[in-house]
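A.B. asks: Have a look at this one before I ask anything.
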Amino acid sequence: MNQDNLWAPWRLAYLRELERKAQDAGWEKTTAGDFFADYWAHPEDDETNHVIHRDERGIIVLNRYPYANGHLLVALGEARPRLIDYDPEQRAAFWTLLEYGIELVQHTLKPQGINTGINEGRAAGAGVPEHLHGHIVPRWAGDTNFITVVGQLRVIPDALEVMAAQYRAAAAALMEEA
């Protein structure tokens, strides 16, 4: 791909000024809340909260606001904002959970592709910047079409409860196979 660059070195000063204003206004302290910590603290609510898997280190949760049908979130129980803030053993546990989530997506939905990612920090798009989490998004050819582009609307073809039940059944089947 041949890509042109527009160099704008003055932009960094502008971004730093925006950050300073945000800090002065307290925007970094504004949050929708750490629902991961709440889910972690209340395993008795796993079904209601669409927690698909829980182990001694973290959880896999069905995203209530998915990019695509079956979108999962992975988080460790201990909240830290950046991947590097976890020790190597915790990072290994995070990646193990992420890999298991990918296996669940493949087993349950058999997508044509999968996007995985981490949005670290508010500027990177993290909705819960104080609690690092990973995204696992199943993808199919044509899953983003005119309704998404023109109508700025995502079509999610299955209810969260149905999708959660399918994931739980796949988790049980994978456990039996192991």
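For every residue, the table says whether it meets (1) touching an Asp or Glu at 6+ places or on another chain (Cβ under 8 Å); (2) at negative phi; (3) at pLDDT 95 or above; (4) not aliphatic (A, V, I, L, M).
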position: Pro88; (1), (2), (3), (4): no, yes, yes, yes
position: Phe94; (1), (2), (3), (4): no, yes, yes, yes
position: Leu97; (1), (2), (3), (4): yes, yes, yes, no
position: Thr116; (1), (2), (3), (4): no, yes, yes, yes
position: His131; (1), (2), (3), (4): yes, yes, no, yes
position: Gly134; (1), (2), (3), (4): no, yes, yes, yes
position: Ala141; (1), (2), (3), (4): no, yes, no, no
position: Val155; (1), (2), (3), (4): no, yes, no, no
position: Met175; (1), (2), (3), (4): no, yes, no, no
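A.B. asks: How many residues are touching a Lys or Arg at 6+ places or on another chain (Cβ under 6 Å) and surrounded by 14 or more Cβ atoms within 10 Å (Cβ to Cβ) if we restrict to the stretch 79-131?
C.D. replies: Residues meeting the conditions: 5.
A.B. asks: Ok, one more. Here's a check for you: in the stretch 48-60, which residue that is closer than 13 Å to Ala171 by Cβ and of a type outside the set (Lys, Arg) is surrounded by the fewest Cβ atoms within 10 Å (Cβ to Cβ)?
C.D. replies: Narrowing the stretch 48-60 to residues closer than 13 Å to Ala171 by Cβ: 50-55, 59-60.
Filter once more, so that each one left must be of a type outside the set (Lys, Arg): 50-53, 55, 59-60.
Values: His50: 22, Val51: 21, Ile52: 25, His53: 20, Asp55: 12, Ile59: 22, Ile60: 24.
By that ranking, first place goes to Asp55.
A.B. asks: While we're here: Looking at (1) closer than 27 Å to Ala172 by Cβ; (2) over 14 Å from the mean Cα position of the chain (by Cα), which is the only condition Ala68 fails?
C.D. replies: (2)
A.B. asks: Among the candidates Leu18, Leu6, which residue alone is in a loop (DSSP other than H, G, I, E, B), farther than 20 Å from Leu98 by Cβ, hydrophobic (A, V, I, L, M, F, W, C) and at pLDDT below 70? Spell out how you get there, then give the answer.
C.D. replies: Details: Leu18 fails: in a loop (DSSP other than H, G, I, E, B).
Unique residue meeting the criteria: Leu6.
A.B. asks: While we're on this one: Considering each residue of the stretch 116-134, count those that are outside any loop (DSSP other than H, G, I, E, B) and under 20 Å from Gly101 (Cα atoms), and give that number. Show your work before the answer.
C.D. replies: So in the stretch 116-134, the residues outside any loop (DSSP other than H, G, I, E, B) come out as 116-118, 122-124, 134.
Retained after the next criterion (residues that are under 20 Å from Gly101 (Cα atoms)): 116-118, 134.
Number of matching residues: 4.
A.B. asks: All but one of (1) touching a residue at least 60 places away in the same chain (Cβ under 8 Å); (2) more than 16 Å from the chain's Cα centre (by Cα) hold for Gly127; state the number of the condition that does not hold.
C.D. replies: (2)
A.B. asks: If we keep just the residues of the stretch 45-64 that are without any contact (Cβ under 8 Å) to a residue 24 or more places away in the chain and part of a loop (DSSP other than H, G, I, E, B), which is nearest to Val137 (Cα to Cα)?
C.D. replies: If we take residues in the stretch 45-64 being without any contact (Cβ under 8 Å) to a residue 24 or more places away in the chain and part of a loop (DSSP other than H, G, I, E, B), then Asn49 is nearest to Val137 (Cα to Cα).
The values are calculated or read from the model by the stated rules, or taken from the named source; none is laboratory data. Nothing here was measured: the structure is a model prediction, and the numbers come from that model. FYI the Cβ positions are ideal-geometry reconstructions off the backbone, even for glycines, and counts take in every protein chain you see.
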